[in-house]
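Visitor: Here it is: the structure, laid out below.
Bear in mind that the values in this text are calculations on the coordinates, not laboratory data. Quick caveat: nothing in here was measured; it's all calculated off a predicted structure. Cβ: placed from backbone, ideal geometry, glycine included. Neighbour counts: every protein chain shown.
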């Protein structure tokens, strides 16, 4: 069945998949807060949160976020820093910035109604093919493919496909398959059933084939190759970087830095941070303070930790010192803050790890 551009699924197989999968889903689906109704705004928020994040992690975040921003307009009108603070700890912050921008556009341009057609919804910031398909099918009951990692894994095994799932062409192929198997009457339930099967039964390792409702039509199971699929080219390991974070205090306050508007953790708050060579942490810290006109005493290492982003692996040394005086003005991105003020600002997990040493 390999690498054809299009795969035509036998009609009888389509019927078995539809019947057995939906029957299994209605009996086994998890009770998740975004499944309480078909509110397109809440479904949209949940789908953005669920990107690259486990369901169990998302549930409390989703509940708090919706409590804070119950409607699309509530989110559209909220200041960006408040929105990012509500997302704090979920990571991949570009997701929430794009969501906020898109929600503002829907509020201003579409009368606060989430668009229900593929062309319009796909133009919104941060709404890719998967998110568009999920919202259209789940909220609006439209027949649209919603192909995420779970679905690609299920399809790879079900139809014994050896295509690399990291390729855009494979996603297209999977979307073509999805359109053949999604029933016209309950597309949203079916898409969720596929995702649920991938999450609970057709898992990345040790799939629970004996409990799978689709075992009778699964080609990989028949061929005994379910553990070998899906195929995915290995990603490059994250780049190792040695970083120094500085806790520079004066009395009850410390210097906190707002990161640039572009790049990693853009627009978030953090500690002044420098990238250093292997054994030059303290030397670089002294140079950094001198360069910024800071007279710092009692300078010492406060702690070390590691943090892995998708493309970078930070090995962090946290250095603390007391600022006795400074040449004004300090960089405009810096602010003196008390512990209470720090706790009100959005910080990513990498900086929260450093802050735990002091707050």
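Visitor: State the extension gain, in nm to one decimal, for the chain segment bounded by residue 339 and residue 164, taking 0.36 nm per residue of separation less the distance between their alpha-carbons. It would help to have the intermediate numbers written out before the result.
Guide: On the way: separation 175, 0.36 × 175 = 63.00 nm, distance 4.85 nm.
Length gained between residue 339 and residue 164: 58.1 nm.
Visitor: For region 239-355, taking Cα atoms only, what is the radius of gyration to one decimal and the Dmax to the nearest whole Å?
Guide: According to the Cα coordinates of region 239-355, Rg and Dmax are 13.6, 39 Å.
Visitor: Something else now. From the C-alpha gyration tensor of region 120-200, pull out the three semi-axes of the equivalent ellipsoid (sqrt of 5λ each), sorted largest to smallest, in whole Å.
Guide: Details: eigenvalues 76, 48, 23 Å².
Taking √(5λ) for each eigenvalue gives 19, 15, 11 Å, largest first.
Visitor: When the Kirkwood radius is taken over all Cα pairs of region 56-118, what Stokes-Einstein diffusion coefficient follows at 37 °C and 0.692 mPa s, in µm²/s? Could you put the intermediate results ahead of the total?
Guide: Numbers: Rh = 12.2 Å.
Diffusion coefficient, whole number: 268 µm²/s.
Visitor: Using only the alpha-carbon atoms of the chain, report the extent along each of the three principal axes, biggest first, to the nearest angstrom.
Guide: The Cα atoms of the chain stretch 79, 48, 33 Å along the principal axes, largest first.
Visitor: With both bridge residues required to lie in the chain, what share of the DSSP beta bridges run antiparallel, to the nearest 5%? Kindly include the intermediate steps, with their values, before the conclusion.
Guide: Values: 23 of 36 bridges.
Antiparallel: roughly 65 percent of the beta bridges in the chain.
Visitor: To continue, here is another question. Using only alpha carbon positions, build the gyration tensor of region 167-325, then give the equivalent ellipsoid semi-axes as the square roots of 5 times its eigenvalues, largest first, whole angstrom. Intermediate values should be presented prior to the final figure.
Guide: Values: eigenvalues 559, 64, 42 Å².
Value: 53, 18, 14 Å, ordered largest first.
Visitor: Which value in Å does the Kirkwood hydrodynamic radius of region 119-259 take, with 1/r averaged over all unlike C-alpha pairs and then inverted?
Guide: Values: mean 1/r = 0.0567 Å⁻¹.
After inverting the mean inverse Cα-Cα distance, the result is 17.6 Å.
Visitor: Applying a 10 Å radius around every beta-carbon, put 76-84, 337-345, 263-271 in order of their mean neighbour count, most first. Before the final figure, lay out the partial values.
Guide: On the way: 76-84: 15.8, 337-345: 13.9, 263-271: 18.0.
For the peptides 76-84, 337-345, 263-271, the packing ranking is 263-271, 76-84, 337-345.
Visitor: Sticking with this structure for a sec: Counting each DSSP H run of 4 or more residues in the chain as -39500 (n - 2.57), what helix-only mean residue ellipticity at 222 nm follows after dividing by all residues, to the nearest 500 deg cm²/dmol? Can you show the working numbers first?
Guide: Numbers: 15 runs with 156 residues, N = 359.
When only DSSP H runs of four or more count, the value is -13000 deg cm²/dmol.
Visitor: Follow-up. Given a cut-off of under 8 Å on Cα pairs at least six residues apart, what relative contact order in percent is computed for region 11-228?
Guide: On the way: 256 pairs, mean separation 48.9, N = 218.
Rounded, it is 22 percent for region 11-228.
Visitor: Taking N as the number of residues in region 189-272, what is its alpha-carbon radius of gyration divided by 2.2 N^0.38 Å?
Guide: On the way: Rg = 23.8 Å, N = 84, 2.2 N^0.38 = 11.8 Å.
Normalised by 2.2 N^0.38 Å, the Cα Rg of region 189-272 equals 2.01.
Visitor: A further question follows. Express the C-alpha Rg of region 308-359 as a ratio against the empirical globular expectation 2.2 N^0.38 Å, rounded to two decimals. Numbers along the way, then the final one.
Guide: Details: Rg = 13.6 Å, N = 52, 2.2 N^0.38 = 9.9 Å.
This ratio for region 308-359 stands at 1.38.
Visitor: If each of residue 81 and residue 275 carries a label point 7 Å out from its Cα toward its Cβ, how far apart are those two points in nm?
Guide: 2.8
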